[in-house]
Amino acid sequence: MNINTTIAARKIRLIMKLRRSGITDTAVLSAIERVPREFFVPEAFIDQAYEDIALPIGRGQTISQPMVVAAMTQALDLNKKHKILEIGTGSGYQATILSKLCRRVYSIERHRPLLRVAEERFRELRIYNITTKTADGMQGWIEQKPFDRIIITAAAAEPPTILLEQMSVGGIMIAPIGKQKDAQHIYKITRTEDGYDYECLMPVRFVPLLPKVAPHHIETTKENGNILDSNEEICTKEPCFI
Ligand code: SAH
C-alpha cells in the first residue's frame, strides 16, 4: 500500500471509531474527514496522525486526541453565522476544524513559535477565516467581543470570568475545567439572560492554561524535528499584542 492509501484507510477507521463513540453530527465528522491531521503533527509522528491519541507538538504542548476534538466541536453546536474564540491555537488543528463549520475563528496562543507554524499551515491550506494573535488568552479578545462560541483547549481550575463576559447571551463555552490533571472534565457553559448554566460532559486530560505570553528570548531550538525560532515578528491580519 502506498502512503496515501494507508492514510485514507486509517482515516476511515478513525471516523468509524468516532461514530461508534457517539459523534453523530455529520458536519463535524465531515470536517474531521476533510482536514489532514497528518499536516498538523511533527514529521516523526505522521504515522500516528490517525490514531485516537494526543501527540506532542513542541514547547511541551500537544495536539488533542481526535475523539476529544470531535466531542468538543460537536458540543459547540456551530453554524455558519457563528464567530468563535479559541484559546490555545497549538498546532492549529482544532482551529482548522472550526473554520469549516463557522464564519470566523479568532484564535490566541501564548507560544509565539507554535503560532507561527500554525499560521503557515493555514496559509498552505488556503484557510482565510482564521485570525490569530500571540497573547494571554485568559484576557480574551476585547476588540472582537461578543463571541457566539468560545472553546478553551487548555485546562483551568475555573472558567476565566473575563472570557465568560466576552460571550453573547445564548452563547456556549466548551472548556476543560479541573484543578488536577487527573480530575478535569469538559464543561458546556451556556450564557443565559441572568447567568450561566453548567453541564459536565466528559473526563479529559489537558495541558494547563497558563498566564501571560511565554518567554521567547532563547527559543531557537529543535523540537520534534521542527526548527522553532522566535526572532521574527508574527504578522497577523489583526493587530497582535505581544
Ligand atoms: N487546540 C490545539 C491544542 C493545543 S494544546 C490544537 O489543535 O493543536 C493547548 C495550547 O494552549 C498550547 O499550545 C498552550 O501553549 C496554549 N495555552 C495555554 N495557556 C494559554 C493562554 N493563557 N493563552 C493562550 N494560549 C494558551
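Where a number appears in this text, it was derived from the coordinates with a stated rule and is not lab data. These figures come from a predicted structure and were not determined experimentally. Don't worry about glycine lacking a Cβ; one is built from the backbone with ideal geometry, like all the others, and counts go over all protein chains shown.
For the range 4-133, what's the relative contact order in percent, using C-alpha pairs closer than 8 Å and at least 6 residues apart? The partial results should precede the final answer.
Numbers: 180 pairs, mean separation 27.1, N = 130.
Worked out over the range 4-133, it gives 21 percent.
Under 8 Å for C-alpha pairs, at least 6 residues apart: give me the relative contact order for the range 3-228, rounded to a whole percent. All intermediate terms of the calculation are to be shown ahead of the outcome.
Numbers: 433 pairs, mean separation 37.1, N = 226.
Relative contact order for the range 3-228 comes out at 16 percent.
Could you check what % of the DSSP bridge pairs in the range 76-211 are antiparallel, to the nearest 5?
Working: 15 of 35 bridges.
Counting only bridges with both partners in the range 76-211, antiparallel ones make up about 45 percent.
Would you list 91, 21, 107 from fewest to most Cβ contacts within 10 Å? Working shown, then result.
Working: 91 25, 21 12, 107 30.
Placing the least packed residue first, the sequence is 21, 91, 107.
Report the extension gain between residue 123 and residue 81 in nm, rounded to one decimal, defined as 0.36 nm multiplied by the number of residues separating them, less their alpha carbon distance.
Numbers: separation 42, 0.36 × 42 = 15.12 nm, distance 2.25 nm.
Once the chain is fully extended between residue 123 and residue 81, it gains 12.9 nm.
To the nearest 500 deg cm²/dmol, what mean residue ellipticity at 222 nm is calculated for the chain from DSSP H runs of n ≥ 4 alone, each contributing -39,500 (n - 2.57), summed and divided by the residues? Write down the numbers at each step before the final one.
Working: 6 runs with 63 residues, N = 242.
Counting only the DSSP helices, I get -8000 deg cm²/dmol.
Would you mind computing, in nm to one decimal, how far apart the modelled labels at residue 30 and residue 185 are, each placed 7 Å from Cα along Cα→Cβ?
So the label points at residue 30 and residue 185 sit 3.3 nm apart.
Percent antiparallel among DSSP beta bridges with both residues in the range 22-150, to the nearest 5? Write out the running numbers ahead of the final one.
Details: 3 of 15 bridges.
About 20 percent, rounded to the nearest 5.
Please give me the summed charge of the neighbours of residue 79: other residues whose Cβ is under 13 Å from its Cβ, Lys and Arg +1, Asp and Glu -1. Don't skip to the end; give the middle numbers.
Working: positive: 80, 81, 83, 100, 103, 104, 149; negative: 25, 77, 148.
Net of charged neighbours comes to +4.
How much of the DSSP beta bridge set in the chain is antiparallel, as a percent to the nearest 5?
On the way: 21 of 41 bridges.
Around 50 percent antiparallel, to the nearest 5.
Where does each of 83, 181 land when they are ranked from fewest to most other beta-carbon atoms within 10 angstrom? Write out the running numbers ahead of the final one.
Working: 83 18, 181 12.
Ascending Cβ contact count within 10 Å gives the list 181, 83.
Please arrange 164, 98, 210 by how many other C-beta atoms lie within 10 Å of their C-beta, fewest to most. Walk me through the intermediate numbers first.
Details: 164 18, 98 25, 210 15.
So the residues, fewest neighbours to most, are 210, 164, 98.
Quick check: net charge around residue 210, other residues with Cβ under 10 Å of its Cβ, Lys/Arg +1 and Asp/Glu -1?
Its environment carries a net charge of +1.
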